[in-house]
There are 2 protein chains.
Amino acid sequence: MNINRQWLLSKRPEGMVTRENFEYAETPIPEAGAGEVLVRNLFLSFDPTQRGWMVDRPSYLPPVAIGAPMRAGSVGQVMASQHSDFEVGDIVQTTGGWQDFVVAAPGQGPMGLTKLPAGVPPEMMLSVLGITGLTAYFGLLDLGMPKPGETVLISGAAGATGSVAGQIAKIKGCRVVGIAGGPEKCAWLKEEAGFDAVIDYKAGDVDGQIKASCPDKFDVFFDNVGGDILEAALNHMNLKARIVLCGGISGYNATEPAPGPANLMNLITLRARMEGFIVLDYMPRAGEAIEQLLAWIQAGDLKFQVDLQEGFDQIPETLQRLFTGQNLGKQLLKIADPI
Amino acid sequence: MNINRQWLLSKRPEGMVTRENFEYAETPIPEAGAGEVLVRNLFLSFDPTQRGWMVDRPSYLPPVAIGAPMRAGSVGQVMASQHSDFEVGDIVQTTGGWQDFVVAAPGQGPMGLTKLPAGVPPEMMLSVLGITGLTAYFGLLDLGMPKPGETVLISGAAGATGSVAGQIAKIKGCRVVGIAGGPEKCAWLKEEAGFDAVIDYKAGDVDGQIKASCPDKFDVFFDNVGGDILEAALNHMNLKARIVLCGGISGYNATEPAPGPANLMNLITLRARMEGFIVLDYMPRAGEAIEQLLAWIQAGDLKFQVDLQEGFDQIPETLQRLFTGQNLGKQLLKIADPI
């Protein structure tokens with residue numbers, strides 16, 4: 001194999017992202033310069049926030065350029081190293097993108113370049129210990145500030161972030177209610193992840209279901225969805241509720257921005273707070289979170305699900321799975337096995 | 001005078017509140033029981049939040065009952081006392097309501113019963129040192145947390161709360177931009193209150209005007225208005241901006257709740273916070289605020305405007321002035337002179 005397969009962003013999406021937004025290309029394998037390493041991607045991470053990176057508007061990262069490989073987190077293997085901290089064969093995490101090979105260096109790109117902790121498999125590193133796990137950890141604890149006995153409501157609860165946020169809330173002594181789509185996801189949340197109650201939004205009347213599932217209303221809402229679900233939730237806040245705005249996946253593929261919640265002024269009467277965050281700001285504290293998350297996994301208190309697709313050709317469709325709700329847990333795709 | 005004139009809430013408003021929502025009545029003067037005093041109202045306070053008290057839905061205070069005198073803050077004079085802390089002739093602040101006489105006691109009603117500090121006239125007590133001044137003080141400082149050099153944007157800037165919030169931000173070393181309606185209000189803000197820039201929303205293109213007036217975007221938005229102005233503001237936030245939700249007067253007389261801002265998800269990319277509050281929660285700290293506000297007034301750093309109407313018959317129309325934007329500064333109405 002002496003080519004670098006790539007999926008380039010060819011056209012900015014309007015509406016649902018599809019294969020038509022990308023173009024397949026084959027280019028020479030790049031070479032690592034001084035202080036750099038050449039990484040072969042093994043696993044790609046798929047995250048709802050990637051949809052935002054495809055659009056040319058100001059955000060927390062610059063948009064992916066037209067003609068550039070689609071940006072994505074990855075776990076890969078070092079194939080050549082000109083950096084003294086890395087050896088050929090090391091398994092590393094970086095921003096590999098939708099391609100076989102990437103030249104990476106510590107401190108470069110949103111994910112930098114780090115070796116996986118000993119004994120941590122790539123699937124765990126890219127899910128519960130990765131960006132989505134850290135998002136759950138810092139968003140729930142730093143912004144949500146859940147206290148024992150409080151009710152914590154989670155939307156996108158079966159997703160990679162929501163499922164971890166909910167289980168952390170359980171560990172912190174909260175009553176946890178999850179909102180997810182379909183009986184399979186709901187069953188996993190109740191039976192495996194230990195949620196106290198689950199709402200299937202596909203069954204309708206989310207407002208009524210929240211009311212029934214949160215007899216004491218909620219103190220923390222960890223929102224991955226936005227739109228109608230956010231509006232319904234705002235009807236069931238306790239005094240001093242904290243709304244953690246993690247994502248708004250319901251709107252990511254909209255051609256026009258949807259109106260916001262008509263009941264936003266409930267924040268005033270209930271002295272409530274709504275706050276957004278970007279996990280990249282917390283990277284200096286990643287070590288603390290990974291250590292704690294790993295301890296919870298080893299104690300059996302934190303379960304996670306990986307939805308593993310395979311095949312380089314399946315990359316564009318795998319991104320779509322996030323927006324159609326097909327994924328069960330963290331969406332990954334395997335390109336290659338380590339050597 | 002041996003009757004108690006009253007304006008009773010007779011019909012809950014749908015749309016703009018008018019005289020038709022109230023009924024004039026004459027009742028006997030009530031008597032103070034043990035621990036109570038009889039107060040004759042001299043000045044009534046008019047506040048946008050009164051519109052919310054007229055509606056039968058859960059809020060931070062129970063709704064005014066149909067057939068009861070409309071709730072309102074007031075300054076009055078003690079006519080009879082069965083409480084050892086109060087003497088006949090004392091000038092007091094309480095929740096007098098739309099009537100000549102009220103029986104009051106310390107700790108009862110949202111405003112309790114307190115004597116005015118020595119040398120403070122009723123108009124000052126009901127404006128810059130009253131609920132609207134305290135709202136500005138605690139909302140801006142506790143939630144907005146302005147730092148020297150930051151830009152603070154204020155909507156409803158010529159109102160009783162907004163004008164105080166903006167001047168406190170100036171005192172704290174911020175660049176202050178106010179949004180108000182019409183050239184007279186805007187001129188007062190620039191020339192008297194010392195705002196750095198002013199936006200007349202009646203001149204249109206609020207979004208463009210905010211952009212032009214806030215070349216460094218804003219760090220704090222103190223919002224009294226909601227609706228389109230809130231949405232426009234959310235396009236011009238700095239990283240870690242704080243949106244203080246103080247009120248949403250644009251929606252108070254709507255028959256149907258208007259949609260919220262379509263750009264709410266900007267809170268995520270900019271790690272921004274939106275938080276509501278109710279000043280009544282801060283009453284235990286009122287003394288601290290009044291002392292500081294009074295010192296700023298005496299130093300000439302804090303100006304205030306009172307829009308003083310007269311006549312018991314004008315009470316319903318005076319409430320309307322708040323929602324048509326006719327008031328210049330704090331809206332008060334004088335019923336009687338002290339004896």
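The sole residue among A:218, A:195, A:222 that is crowded, with 24+ Cβ neighbours inside 10 Å, in the same structural domain as residue A:147 (by TED's automatic domain parsing) and over 22 Å from residue A:132 (Cα atoms) is A:218.
Going through A:144, A:173 one at a time, which residue ends up being crowded, with 24+ Cβ neighbours inside 10 Å, touching a residue at least 24 places away in the same chain (Cβ under 8 Å) and assigned by TED's automatic domain parsing to the domain that holds residue A:201? Spell out the reasoning first.
Numbers: A:173 fails: crowded, with 24+ Cβ neighbours inside 10 Å.
Within the list A:144, A:173, the selection yields A:144.
For residue A:62, are the conditions met, namely being assigned to a loop (DSSP other than H, G, I, E, B), within 14 Å of chain B (Cβ to nearest Cβ) and exposed (fewer than 15 other Cβ atoms within 10 Å of the Cβ)? For residue A:62, the condition - assigned to a loop (DSSP other than H, G, I, E, B), within 14 Å of chain B (Cβ to nearest Cβ) and exposed (fewer than 15 other Cβ atoms within 10 Å of the Cβ) - is met.
So which of B:293, B:267 is touching a strand residue (DSSP E or B) at 6+ places or on another chain (Cβ under 6 Å) and hydrophobic (A, V, I, L, M, F, W, C)? Break it down stepwise before answering.
Numbers: B:293 fails: touching a strand residue (DSSP E or B) at 6+ places or on another chain (Cβ under 6 Å).
Answer to the selection: B:267.
Contact map, the stretch B:304-316: first residue among the basic types (Lys, Arg) and modelled with pLDDT of 95 or more, second residue in a helix (DSSP H, G or I) and surrounded by fewer than 18 Cβ atoms within 10 Å (Cβ to Cβ), Cβ cut-off under 8 Å, separation 6 or more or different chains; the map is empty. Filtering the stretch B:100-118 for residues that are away from chain A (no Cβ under 14 Å), surrounded by fewer than 19 Cβ atoms within 10 Å (Cβ to Cβ), without any contact (Cβ under 8 Å) to a residue 12 or more places away in the chain and touching a strand residue (DSSP E or B) at 6+ places or on another chain (Cβ under 7 Å) leaves an empty set.
Can you find a residue in the stretch B:245-265 that is of a type outside the set (A, V, I, L, M), closer than 22 Å to residue B:146 by Cα and surrounded by fewer than 21 Cβ atoms within 10 Å (Cβ to Cβ)? Even if it seems obvious, please write down each step before you answer.
We begin by selecting, within the stretch B:245-265, every residue of a type outside the set (A, V, I, L, M); these are B:246-248, B:250-253, B:255-257, B:259-261, B:263.
Next, only the ones that are closer than 22 Å to residue B:146 by Cα stay: B:246-248.
From the residues that got through so far, the ones that are surrounded by fewer than 21 Cβ atoms within 10 Å (Cβ to Cβ) too are none.
The answer is no; no qualifying residue exists.
Considering the stretch A:147-170, the residues that are more than 17 Å from the chain's Cα centre (by Cα) and small (Gly, Ala, Ser) include one that is surrounded by the fewest Cβ atoms within 10 Å (Cβ to Cβ), namely A:149. For the structure I just gave you, tell me whether residue A:328 is under 15 Å from the mean Cα position of the chain (by Cα) and assigned to a loop (DSSP other than H, G, I, E, B). Yes: the conditions hold for residue A:328.
Confirm whether residue A:240 is within 14 Å of another protein chain (Cβ to nearest Cβ) and either farther than 20 Å from residue B:274 by Cα or surrounded by fewer than 17 Cβ atoms within 10 Å (Cβ to Cβ) (or both). Spelling it out, residue A:240 is indeed within 14 Å of another protein chain (Cβ to nearest Cβ) and either farther than 20 Å from residue B:274 by Cα or surrounded by fewer than 17 Cβ atoms within 10 Å (Cβ to Cβ) (or both).
For residue A:54, are the conditions met, namely being surrounded by fewer than 21 Cβ atoms within 10 Å (Cβ to Cβ), more than 21 Å from residue A:332 (Cα to Cα) and not small (Gly, Ala, Ser)? So residue A:54 does not fit the description; no.
Specify which of the listed residues (B:227, B:276, B:260, B:248) is within 7 Å of chain A (Cβ to nearest Cβ) and in contact with a Ser or Thr (Cβ under 9 Å, 6 or more places away or on another chain).
On the way: B:227 fails: within 7 Å of chain A (Cβ to nearest Cβ); B:260 fails: in contact with a Ser or Thr (Cβ under 9 Å, 6 or more places away or on another chain); B:248 fails: in contact with a Ser or Thr (Cβ under 9 Å, 6 or more places away or on another chain).
Result of the check over B:227, B:276, B:260, B:248: B:276.
Contact map, the stretch B:288-301: first residue in the same structural domain as residue B:167 (by TED's automatic domain parsing) and surrounded by fewer than 13 Cβ atoms within 10 Å (Cβ to Cβ), second residue in a loop (DSSP other than H, G, I, E, B) and of a type outside the set (S, T, N, Q), Cβ cut-off under 7 Å, separation 6 or more or different chains; the map is empty.
Yes or no, residue by residue, for (1) farther than 30 Å from residue A:287 by Cα; (2) out of contact with any Ser or Thr (no Cβ under 9 Å at 6 or more places or on another chain):
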{"position": "A:2", "(1), (2)": "yes, yes"}
{"position": "A:24", "(1), (2)": "yes, yes"}
{"position": "A:38", "(1), (2)": "no, no"}
{"position": "A:84", "(1), (2)": "no, yes"}
{"position": "A:87", "(1), (2)": "no, no"}
{"position": "A:91", "(1), (2)": "no, yes"}
{"position": "A:99", "(1), (2)": "no, no"}
{"position": "A:109", "(1), (2)": "no, no"}
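For the residues A:55, A:75, A:88, A:92, the requirement of being touching a helix residue (DSSP H, G or I) at 6+ places or on another chain (Cβ under 7 Å) and of a type in the set (A, V, I, L, M) singles out A:75. Condition check for residue B:93 on (1) of a type in the set (S, T, N, Q); (2) in a loop (DSSP other than H, G, I, E, B); (3) at pLDDT 95 or above: one failure, at (2). All conditions in (1) assigned to a strand (DSSP E or B); (2) in contact with a Phe, Trp or Tyr (Cβ under 7 Å, 6 or more places away or on another chain); (3) not small (Gly, Ala, Ser) hold for residue B:229, with the sole exception of (1).
The values are calculated or read from the model by the stated rules, or taken from the named source; none is laboratory data. This is a predicted model, so every value here is computed, not measured. Glycine gets a Cβ as well: all are built from the backbone with ideal geometry, and neighbour counts include every protein chain shown.
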